[in-house]
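First comes the structure, then the notes that go with it.
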Amino acid sequence: MSAADTTTPAKVPPPRQAPPPPADDLPRVKRPSGGATAPWLLLAPCLLILALVMGYPLARLVTLSFQKFGQSQLWGFQPAESVGFDNFAKVLGDGEFWAVVVRTVVFAAGAVVFTMVIGMALALLLQRVSGWLKVLINIVLVASWGMPVIVATTVFKWLFDSDYGVFNALLSKLPGVDMIGHNWFASGPQGLAVIMLLVVWGAVPFVVITLSAGLTQVPKELEEAARLDGAGSWGVFRYVTLPVLKPIIVMLTTLSVIWDMGVFPQVFVMRNGHPEPEFQVLNTYSYDRAFVVNDYAQGSAIALITVLLLLGVVAVYMRQMLKIGEVE
């Protein structure tokens with residue numbers, strides 16, 4: 001073996017890279033002119049419509065709540081007088097108002113719980129049915145969701161009618177049950193339960209469709225890994241499915257609370273335009289004070305308190321979404 005064969009070849013140093021050019025010499029990307037104002041120009045028509053449709057009524061509502069405003073002021077016989085917080089003091093000092101608030105909160109809580117539980121159950125069921133049956137169920141859900149509230153309320157009035165109601169007839173076929181002639185609206189709790197069923201029936205389709213879309217984003221690999229680790233169906237749902245669906249569940253729950261606390265046509269139409277005291281919720285109570293008692297100022301004060309309560313719900317929703325964003 002020669003010396004040339006045993007000599008280690010010298011390592012060639014890597015070529016030096018040229019230093020980056022100074023920042024002043026870099027080519028600058030030209031931003032389109034008006035880049036800061038373009039989004040606002042695009043949003044301007046929508047903001048203008050919102051200001052006209054919602055801004056003026058809300059401002060008028062706030063103004064009326066601080067005035068003495070009845071029929072005399074409505075027809076111009078007397079000027080509207082500023083009374084400060086007197087309307088709010090009368091409303092908050094009225095025991096009937098607090099009974100309505102409690103009734104509204106209980107009604108909304110029950111409707112939200114039933115809506116979310118039934119919606120989640122149906123959404124999970126849709127993941128396990130065949131293609132044609134899934135399409136059929138989705139068509140039924142969309143059809144029921146698209147039904148006008150007045151039509152749905154009329155159907156429920158017929159279903160629970162004391163003389164010709166189908167529901168009473170079906171219950172009477174059970175052994176030892178006689179519901180013929182039973183009036184579901186003779187008491188407030190039973191009547192509100194029927195109205196709650198109507199509200200849940202109209203809200204479930206939206207929840208099912210939204211949760212079904214969310215379930216398609218649950219990674220199958222995580223579900224299989226959880227099953228391999230010994231988790232059952234409940235374990236997979238609790239530790240895999242629920243965390244993925246948490247932002248959607250928070251959003252749906254918040255929207256359901258807002259919608260169910262603001263329920264009006266179901267109660268108003270079901271009671272033929274004259275809800276009894278045991279059927280009053282916040283919106284119908286505000287309407288009753290304004291257009292039945294003709295105290296528009298006190299009705300405005302009740303409506304403004306309702307808006308503030310709903311803004312509190314929105315604040316809780318935004319706080320939860322910010323927490324979810326920080327975790328992600």
I'd like to verify a number: residues in segment 271-294 that are free of Cβ contacts under 8 Å to residues at least 60 places away in the same chain and open to solvent by 70 Å² or more (accessible area, probe 1.4 Å), how many?
6
Going by what's in this entry, would Ala297 be described as surrounded by 17 or more Cβ atoms within 10 Å (Cβ to Cβ), in a helix (DSSP H, G or I) and in contact (Cβ under 8 Å) with a residue 40 or more places away in the chain?
yes
For the subset of segment 236-263 comprising residues that are hydrophobic (A, V, I, L, M, F, W, C) and free of Cβ contacts under 8 Å to residues at least 24 places away in the same chain, which member is nearest to Val314 (Cα to Cα)?
Leu255
Does Leu322 qualify as being assigned to a helix (DSSP H, G or I), open to solvent by less than 50 Å² (accessible area, probe 1.4 Å), closer than 29 Å to Pro247 by Cβ and out of contact with any Ser or Thr (no Cβ under 9 Å at 6 or more places or on another chain)?
no
Determine whether segment 129-140 contains at least one residue that is closer than 24 Å to Val207 by Cβ and either in contact (Cβ under 8 Å) with a residue 60 or more places away in the chain or among the hydroxyl-bearing types (Ser, Thr, Tyr) (or both).
yes
What's the number of the condition Gln78 fails, among (1) of a type in the set (S, T, N, Q); (2) outside any helix (DSSP H, G or I); (3) touching a residue at least 40 places away in the same chain (Cβ under 8 Å)?
(3)
Filter result (closer than 30 Å to Gln217 by Cβ, open to solvent by 50 Å² or more (accessible area, probe 1.4 Å) and either of a type outside the set (Gly, Ala, Ser) or part of a loop (DSSP other than H, G, I, E, B) (or both)) within segment 139-152:
Ile139, Val140, Val142, Trp145, Met147
Helices (runs of 4 or more DSSP H) completely within segment 153-229 that count 2 or more residues being open to solvent by 90 Å² or more (accessible area, probe 1.4 Å) and closer than 24 Å to Gly262 by Cα
188-215
Condition first: over 28 Å from Leu304 (Cβ atoms), open to solvent by 100 Å² or more (accessible area, probe 1.4 Å) and of a type outside the set (A, V, I, L, M). Now tell me which residues in segment 37-59 satisfy that.
Trp40
Run Val267 past the list (1) among the β-branched types (Val, Ile, Thr); (2) outside any helix (DSSP H, G or I); (3) modelled with pLDDT of 90 or more and report the number of the one that doesn't hold.
(2)
Assuming Met120 fulfils every condition listed in (1) closer than 30 Å to Thr216 by Cα; (2) exposed (fewer than 13 other Cβ atoms within 10 Å of the Cβ); (3) modelled with pLDDT of 90 or more; (4) aliphatic (A, V, I, L, M) apart from one, which condition is it?
(2)
Taking segment 270-294 and keeping only residues that are in a loop (DSSP other than H, G, I, E, B), among the aliphatic types (A, V, I, L, M) and within 22 Å of the chain's Cα centre (by Cα), one is left with Val281
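The values are calculated or read from the model by the stated rules, or taken from the named source; none is laboratory data. Just so we're clear, the structure is a prediction, and the values are computed from it rather than from any experiment. For neighbour counting, all protein chains shown are included, and Cβ atoms are generated from backbone atoms with ideal geometry for every residue, glycine included. The protein model used for the area step is the full one, side chains on, heavy atoms only, and it has no ligands, DNA or RNA in it. Shrake-Rupley method; radii C 1.70, N 1.55, O 1.52, S 1.80 Å.
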